[in-house]
Amino acid sequence: MSARELLSEIQKLPIVEQRHLLQKLTRSLNEQPREPISEDEVQRILFEKGIIGNIPDSSAYTDEDEDFEPIEVIGKPLSETIIEERR
């Protein structure tokens, strides 16, 4: 449908519906896309809504955390042991 055809159809609507449509279009056009927010901003929002009790200190994370290597354990995997004990 072309813009001209669309406008013609809109003009056939009652004036109240035309105004309602205008308001919706105006609101839609005024809404600007949001920029992505940072992890700190997400945590602040969650804290303000009471979803989390405190905001973790981001300075507590260090590069050493990325160098983590698990300890090798002899025997079957821990997950298998947990499953067996639940039965």
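The values are calculated or read from the model by the stated rules, or taken from the named source; none is laboratory data. No experiment lies behind these values; they were computed from the predicted model shown. Cβ atoms come from the backbone with ideal geometry, glycine included; neighbour counts cover every protein chain shown.
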Could you look through segment 35-84, keep only residues that are loosely packed, with under 10 Cβ neighbours inside 10 Å, aliphatic (A, V, I, L, M) and in a loop (DSSP other than H, G, I, E, B), and pick out the one that is modelled with the lowest pLDDT?
-> V73
Restrict the check to segment 19-31 and report whether at least one residue is modelled with pLDDT of 80 or more, of a type in the set (D, E) and under 29 Å from the mean Cα position of the chain (by Cα).
-> no
